[in-house]
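Take a look at the structure set out below.
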Amino acid sequence: MAGHRQIVRAAAGAAALALVLVGCSNSLDAVPPRPADTAASTPDGGSPSSGALDGTDPALARFYGQQVDWKNCGSAECGTITVPLDYADPSGQTIDLAVARVKATGDSLGALFVDPGGPGGSAVDYAKAADAIVTPAVRERYDIVGVDPRGVGQSAPVKCLTDEQTDELLALDASPTTPEQEKQVEAGALAVGKDCAANAAPVYAHVGTPDAARDLDIARAVVGDDAFNYLGKSYGSQLGAVYAQLFPERVGRMVIDGILPASLDIVEVTKGQADAFEVAVRDFVADCLGKDDCPLTGSVDEGLAQLRAWLASLESDPLTYDGRVLNEALATYAVVANLYFPSYDYPRLRAALASAMGKGEAATMFSILDDRISRGPGGQYLDNSTDAFYAVTCLDRPFTGTLDDVKRYAQEWQATAPTFGQSLAWGLLTCKDWPATESDPVTSTVAEGSNPILVVSTTKDPATPYQWGELVASQLANARLLTYDGTGHTAYTQGSSCVDDAVDAYLLAGELPAEGTRCT
């Protein structure tokens, strides 16, 4: 169960922005991943294959030619790779990235790189959970490899905030109504960037997605693969698409699931999530009303009105537990963060709301919140996922608007997202006046000349709406969209055998699902 919680936390990482994401198949005419009979496998850290350096900057040759000293780390073998801090200055400062590899159970086709998203989720931890994140058939034929993105987990982690400052940030007023309250929220949000500049320099200024994608190409070469095979979920889909844009000729078999488009700015992303989470909370309330322990009554609209009224009441009449205060912002965050996976989240959220709304007890609400933000029982944060989320998000998507713009968004978004629109709009302020800029942004992912990319999108995904999957599939020069008619965030290994079979056929045999395939 602990491993599953870690996977859920990583996949749900995009929610942090709220307070501050069986058809027939046809054969794929594509170069397959490195064939087993010609593999330049380097289990002991040998040199990459002869094609690994083709087209790379000579100044980067020492990074592409390095070896990994693999060591046993329990369920995997682990090591580090060295990359430039700044790709514009490859002879300058370097950083080390953590990498984990779980060897294939059978004859390996090579590496399948994986990333769970966030940004801020650990790909090393995700790879170690290989048995849960891919099917047995894929486990048999691929080495599952995870590289913690720069700034994340064990890879030169950025640490901007103390535990107490993180608590204060997440508890910022979700619905300020006076000029004084608005200024307080703005000051608290802007402090994140200032603290990153003060406490996480120089790394925090170099954690954007383009550089993380460049790191993956070095990792591809270091493990000895000519082609980059990849499974990226949520933010990991953006990372994969950016890789494809930068290195289209090296894309092998790439699956991106739960699509976050690089082409959308932070306002477009946040508005899309506000609307999608509104659909998700309606589905939750509809499900809740049919259960004996549901604290809501009446119709779906009446149940939603009760939930909103209770959340709003916490601003003036919060609940307390063990010295902590459950205000509107934290309770809203707990609800949002537990709408990702219906079969897993709904019972937990329903029980927490029943305790809080029915009995005035906040313990269970704090428990389901802490589980998603990696906060330990003593108040310590167990990883740097919150810091990394802001550092990557605000570098990739700075907010260029004003306080007046935020106030306008908060008012306008109430029309289509009355439960979460206001809190998500105020969250934009965290990325305002971010003290670093992306030197070489990638906002267009066409990847002309790449092998086909399989785009998987769920019709009722609350964090990465279905329309985003359609958008990226249309933007990529060579892509196929696989639709999952269902609920929840991401689709592969989430309960649909149709999705799993289609993804496996592509990863294992290069067979794309038929155009227009929809799974249920």
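The values are calculated or read from the model by the stated rules, or taken from the named source; none is laboratory data. Keep in mind the model is a prediction, meaning the values are calculated, not measured. In this analysis, Cβ positions are derived from the backbone assuming ideal geometry, glycine residues included, and neighbour counts consider all displayed protein chains.
List of remarks:
- When we screen GLY92, GLY120, GLY153 for residues that are under 30 Å from ALA189 (Cα atoms), in a loop (DSSP other than H, G, I, E, B) and touching a strand residue (DSSP E or B) at 6+ places or on another chain (Cβ under 9 Å), the only hit is GLY153.
- ASP131 vs. criteria of a type in the set (D, E, K, R), surrounded by fewer than 19 Cβ atoms within 10 Å (Cβ to Cβ) and farther than 24 Å from ILE256 by Cβ: no
- Considering GLY510, GLY469, the condition of being under 20 Å from the mean Cα position of the chain (by Cα) and modelled with pLDDT of 95 or more is satisfied by GLY469 alone.
- Per this entry, PRO84 is not counted among residues that are at pLDDT below 95 and either more than 28 Å from the chain's Cα centre (by Cα) or within 22 Å of ARG250 (Cβ to Cβ) (or both).
- For beta carbons closer than 8 Å, sequence separation of 6+ or different chains, a first residue in the range 379-392 that is more than 11 Å from PRO119 (Cα to Cα) and a second that is among the polar types (S, T, N, Q), the qualifying pairs are TYR381/THR166; TYR381/SER374; LEU382/SER374; ASP383/SER122; ASP383/SER374.
The rows are residues; the columns are (1) within 15 Å of ASN229 (Cα to Cα); (2) modelled with pLDDT under 95; (3) surrounded by fewer than 17 Cβ atoms within 10 Å (Cβ to Cβ).
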residue: SER75; (1), (2), (3): no, yes, yes
residue: LEU97; (1), (2), (3): no, no, no
residue: ALA104; (1), (2), (3): yes, no, no
residue: GLY117; (1), (2), (3): no, no, no
residue: VAL138; (1), (2), (3): yes, no, no
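- Candidate set from the range 200-214 (those that are touching a helix residue (DSSP H, G or I) at 6+ places or on another chain (Cβ under 9 Å) and surrounded by fewer than 24 Cβ atoms within 10 Å (Cβ to Cβ)); member that is farthest from VAL442 (Cα to Cα): ALA200
- Test result for ASP148, surrounded by fewer than 24 Cβ atoms within 10 Å (Cβ to Cβ) and either within 20 Å of the chain's Cα centre (by Cα) or within 29 Å of PRO261 (Cβ to Cβ) (or both): no
- Scanning the range 384-430 for residues that are among the acidic types (Asp, Glu) and either outside any helix (DSSP H, G or I) or surrounded by 24 or more Cβ atoms within 10 Å (Cβ to Cβ) (or both) yields ASP387, ASP396.
- Selection count, the range 239-262, where residues are closer than 19 Å to THR459 by Cα, in a strand (DSSP E or B) and of a type in the set (A, V, I, L, M, F, W, C): 2
- The residues on offer are ALA479, ALA505, ALA463, ALA491, and the sole one that is in contact with a Pro (Cβ under 8 Å, 6 or more places away or on another chain), surrounded by 20 or more Cβ atoms within 10 Å (Cβ to Cβ) and among the small types (Gly, Ala, Ser) is ALA479.
- Residues (small (Gly, Ala, Ser), out of contact with any strand residue (DSSP E or B) (no Cβ under 7 Å at 6 or more places or on another chain), surrounded by fewer than 17 Cβ atoms within 10 Å (Cβ to Cβ) and farther than 26 Å from LYS460 by Cβ) located in the range 343-366: GLY358
- Taking each residue of the range 509-520 that is on the phi < 0 side of the Ramachandran plot and surrounded by 14 or more Cβ atoms within 10 Å (Cβ to Cβ) and looking for partners that are part of a loop (DSSP other than H, G, I, E, B) and not polar (S, T, N, Q) with beta-carbon atoms closer than 7 Å, six or more apart or interchain, yields GLU511/LEU28; LEU512/LEU28; LEU512/PRO452; PRO513/GLY23; THR517/GLY23; CYS519/VAL22.
- Tally of residues being surrounded by fewer than 24 Cβ atoms within 10 Å (Cβ to Cβ) and either part of a helix (DSSP H, G or I) or of a type in the set (D, E, K, R) (or both) across the range 220-238: 1
- Taking the criterion of being more than 23 Å from the chain's Cα centre (by Cα) and surrounded by 16 or more Cβ atoms within 10 Å (Cβ to Cβ), the residues of the range 440-456 that qualify are SER450, ASN451.
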